[in-house]
1. How high is the FRET efficiency from Ile115 to Ser178, r the C-beta distance, R0 41 Å, rounded to 0.05?
2. Would you give the gap between the C-alpha center of the stretch 70-106 and the C-alpha center of the stretch 119-186, rounded to a whole Å?
3. Which percent of the accessible area of the stretch 78-145 is formed by carbon and sulfur heavy atoms (probe 1.4 angstrom)?
4. Taking every pair of alpha-carbon atoms in the stretch 75-144, what share in percent sits in each 5 Å bin, from 0 to the bin with the longest distance?
5. Residues of the stretch 66-143: accessible area per residue at 1.4 Å, in Å²?
6. Per residue of the stretch 172-186, in order, report the coupling 6.51 cos²θ - 1.76 cosθ + 1.60 (Karplus, θ = phi - 60°) as ³J(HN,Hα) in whole Hz, putting x for Gly and Pro.
7. In nanometres, what is the gap between the two model label sites at Phe77 and Ala104, each 7 Å from Cα along Cα-to-Cβ?
8. On the principal axes of its Cα set, how long, how wide and how thick is the stretch 113-181? Give whole Å, largest value first.
Amino acid sequence: MLALGKSLTKALAARTLAPQVCSSFATGPRQYDGTFYEFRTYCVKPSKMNEFLENIKKNIHLQTAHSELVGSWSIEFGGRIDKVFHIWKYDNFAQQTEVRKALANDKEWREQLLIPILGLTDKQESEITYLVPWCKLEKPPKDGVYELVTFQMKPGGPALWGDAFRRAINAHVDLGYSKLVGVFHTEYGALNRGVYTEEIMRSRLVGFESQLHRLLTL
């Protein structure tokens, strides 16, 4: 057994290991930046979409009084429809906590926005995302058609796929097909995902496992 052990040790030592690319945190240096974005998706009951949108239009000001809404979209094509998608901006997690406390104590918000929404939806989904370091957020116009593209990345974070992702996005934006709203990656929720809104991507890149396209209206 001792001889076998020595043989295995020599064999392992002789192997040339492939270089490994890894990242200790999905966000890398972005973890130290306070600003993050919550992607909130409402799965609306199919027969209740018009009622849901009317309620949002009428009462969303009760929530934007406490936090910033980057944009609100309804999903028209791609995956399950009958969804409404919001992006909320927070300066840091402390601010998000204060906003939640304020809303919990806001009777008008609870009665006119929260309770009706709960009755009109099947479920809600939430993801915490950060802008990638090389992208600035652009405020979307009030009208238009948008594409939300989600890439399922291989584990490893931006150290693995960040450079290829940036080159692909910028190459498409430079052609002037449409205006880019933002490029994000998830920190809490479904991990190892890169998301960008409005631009259309056709290429398959190193580090990507799958992608999902959804057509949105604002």
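The values are calculated or read from the model by the stated rules, or taken from the named source; none is laboratory data. Since we're looking at a predicted model, the values are computed, not measured. A quick note on method: Cβ atoms are made from the backbone with ideal geometry, for glycine too, and the neighbour counts reach across all protein chains shown. Heavy atoms of the whole protein, side chains included, go into the accessibility calculation; ligands, DNA and RNA do not. Shrake-Rupley method; radii C 1.70, N 1.55, O 1.52, S 1.80 Å.
1. After rounding, the FRET efficiency stands at 0.65.
2. The stretch 70-106 and the stretch 119-186 have Cα centres spaced 16 Å from each other.
3. Summing carbon and sulfur atoms, their accessible area is 52 percent of the total for the stretch 78-145.
4. Taking every Cα pair in the stretch 75-144, the percentages come to 3, 10, 15, 20, 22, 18, 10, 2, 0.
5. The answer is 55 Å² per residue.
6. 6, 4, 5, 6, x, 5, 6, 9, 7, 7, x, 10, 10, 9, 7
7. The answer from the label model is 4.3 nm.
8. Principal-axis extents of the Cα atoms in the stretch 113-181, largest first: 44, 33, 17 Å.
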